Structures are given as C-alpha cells and as structure tokens.
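J.: Structure below; questions to follow.
Bear in mind these aren't lab numbers, they're just calculated from the coordinates by the rules spelled out. Remember, predicted model here, so these are calculated numbers, not experimental data. Cβ sites come from the backbone with ideal geometry, for glycine too, and all protein chains shown count toward neighbours.
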Amino acid sequence: MKTVLITGATSGIGLALARLLAGANWHVLACGRTAERCDAAKAAVLKENPDARIVFFSADLRQQREVNRLAGEIGTYLEQACGGRLDVLISNAGFVTSWYSTTEEGYEQQFALNHLAGFLLTFRLLRYLGAGARVILTGSNSHKWMKIRWNDIMFQRRYNCLLAYKQSKLCNMLFAAEFNRRFSKRLGIKAFVVDPGLVDTAIGCKRTGRLTSRFWSLRRRGGVSPEEAAKTYLWLCGQKEHPEGLYFGDCTARRGSRRSESEADARRLFALSETLCGIAFEEGAPV
C-alpha cells in the first residue's frame with residue numbers, strides 16, 4: 001500500500017483527492033487547518049468508504065512553527081505505520097486574501113502559505129521520499145502573467161491580493177523546477193505542478209472583500225467540480241515511471257511561462273526561501 005500526504009485536505013480539491021486516493025487503496029495522510037474541520041472531513045471519507053485507511057493532522061501551515069510541528073508528527077507516524085516511506089507529497093493548501101497580513105515571522109500570508117509552507121514541508125520530509133517518490137504542488141495558469149517582485153517580494157508596498165496570489169503560483173513553478181535540477185537524478189524524486197483550471201470551490205470567498213467574494217461566487221459557477229480537477233493529481237500519483245514534464249493540466253504536460261523557465265530566478269528564489277525558512281536543502285538531503 002502506497003502512502004500519500006495531502007495538505008489542504010478538508011475541502012475542495014484536497015478533500016476530493018483524499019476520497020479518491022482512499023478509494024484506490026492508498027494510505028492517506030491528510031492535513032487541515034483545524035481539528036474540527038479535520039474531524040468533519042474524515043467522517044465524510046469514512047461514511048463513503050468505511051474501510052479507508054486515512055488519518056488527519058491539524059496545522060495552520062501559514063506559521064513555520066506549525067509546519068515544523070506537523071512534519072515531526074508525520075515523520076513519527078511514517079516510521080511507526082508506513083515503514084518510514086512517503087510515496088507522494090501533495091502541497092495543496094493555499095488561499096487568497098484581500099488584506100495585507102503577516103505570519104509570526106512577518107511574512108505576507110499568501111507567500112507564506114502558498115509557497116513557503118510547501119517548500120519547508122518538503123525539506124522536513126525529504127528523508128522519507130525515496131526513489132520514485134513525487135512532490136506535487138497546486139499551481140495556476142495565472143502564473144503566466146506575473147514576474148517575481150524581487151524588490152518587494154512580500155508586497156509590503158501597494159498590496160494587491162491578485163498579484164500576490166499570481167506571484168505565489170509562479171513561485172510554485174520555480175521551486176519545482178529548481179528542486180528537479182538538484183534532486184531528480186540524484187535522489188530519483190521528481191516535483192510536478194498541477195494546474196487544476198477553474199474549479200468550483202470557495203477559495204475566493206473565504207478571506208476576501210465583498211467585491212472579490214461576489215466576483216468569485218459568480219465565476220466559480222463555470223468551474224469544474226473538485227473531483228474532476230483531482231483527476232490530474234490522481235493520474236500523476238498512479239504513473240509507474242515519472243512522466244516527462246513539469247507542469248500538468250488535464251493529465252497532459254503543458255508549457256509554463258517564459259519566466260517560470262528562468263534558471264536564474266529559480267536559483268535565486270530557492271536560496272531566498274532557504275534563508276526565510278532557516279534551512280539548507282543540501283544539508284537535509286539523504287546521502
């Protein structure tokens with residue numbers, strides 16, 4: 001039985017993935033922001049599939065101390081119940097907010113959750129990701145109309161929620177590309193970014209202003225269901241060999257933006273992210 005960890009798994013794409021992978025006989029480790037939401041999601045999965053092997057962990061991944069705590073709990077569980085191996089890590093947790101706000105470390109929250117949380121969690125769990133394992137990030141086509149704002153990466157000046165979100169999705173692309181350059185051949189682990197397209201979820205309504213929330217409430221009606229969006233993740237999880245490509249949608253490799261292919265930007269972002277998280281990937285990589 002293979003093991004998968006899914007963040008952002010109490011609603012939307014994450015919950016749909018948990019249900020589908022549990023139904024496909026995966027050992028599912030899932031993460032949500034609160035214990036109450038985790039309990040409700042677990043009950044929904046087990047109601048549909050009483051034999052599902054699924055366990056939930058709660059953590060607010062905007063805060064790095066919570067990412068580190070979660071990684072410790074996941075590591076202990078993997079060693080005790082999964083032979084110390086994690087086959088797929090899906091960093092799906094993300095959000096949009098209309099207001100500038102920061103984490104305990106002083107980092108803008110979209111940048112912290114949509115990018116740094118997955119970056120740090122991957123580092124903490126790298127020892128459990130053996131050859132053939134996959135890291136999958138939830139991306140967006142919106143990365144194509146953005147560049148990294150190097151002189152104000154936290155959007156402290158003139159905060160724009162949409163631009164901050166687009167930048168975080170470009171960060172997902174650059175992180176995956178640099179991760180693969182460093183570790184794909186060396187460790188046999190590969191990172192992918194999935195563009196789920198327009199999905200009928202509440203992501204644009206939870207922490208946004210009235211106008212943004214109203215706009216998203218109307219736009220989401222044209223989106224596919226979370227179950228439909230989850231199919232590409234399921235396909236990537238099920239491939240025997242690593243598929244060629246980095247960026248996927250509808251189970252097909254796609255071309256990212258020109259900026260997402262910049263090796264210089266990828267290296268620069270990787271180094272900055274290490275500094276912001278207080279880590280060094282090379283030190284944590286298995287020999």
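J.: Scan around residue 57 for amide H atoms under 5 Å from its own, H built in the peptide plane at 1.01 Å from N, and keep only partners 5 or more places away or cross-chain.
T.: 30, 31, 32
J.: Taking only C-alpha pairs under 8 Å that are 6+ residues apart, what is the relative contact order of segment 3-282 in percent?
T.: 18
J.: While we're on this one: What ranking do 178, 36 get, fewest neighbouring Cβ atoms within 10 angstrom at the top?
T.: Listing 178, 36 from fewest to most nearby Cβ atoms yields 36, 178.
J.: Something else about it: For the chain, what does the helix formula give at 222 nm: sum of -39500 (n - 2.57) over DSSP H segments with n ≥ 4, over the residue count, nearest 500 deg cm²/dmol?
T.: Details: 10 runs with 121 residues, N = 287.
Dividing the helical sum by the residues of the chain leaves -13000 deg cm²/dmol.
J.: I want the antiparallel fraction of DSSP beta bridges within segment 3-282, as a percent rounded to 5.
T.: 15
J.: Past 25 Å, Cα to Cα: identify those pairs from 2/42; 42/166; 147/231; 166/190; 2/185; 42/240, in the order given.
T.: 42/166; 147/231; 42/240
J.: Going by how many other Cβ atoms sit within 10 Å of their own, how do 26, 145, 235 line up, fewest first?
T.: Fewest-to-most ranking of 26, 145, 235: 145, 235, 26.
J.: Sort 251, 31, 237 so that the residue with the fewest other Cβ atoms within 10 Å of its own Cβ comes first and the one with the most comes last.
T.: 251, 237, 31
J.: Continuing with the same structure: Along segment 273-280, what does the Karplus equation 6.51 cos²θ - 1.76 cosθ + 1.60 (θ = phi - 60°) give for ³J(HN,Hα), rounded to whole Hz, x for Gly and Pro?
T.: 5, 4, 4, 5, 9, x, 9, 9
J.: Residues with amide H under 5 Å of residue 191's amide H, sequence separation 5 or more or different chain, H placed in the peptide plane at 1.01 Å from N; which?
T.: Residues meeting the amide H criterion: 135, 180.
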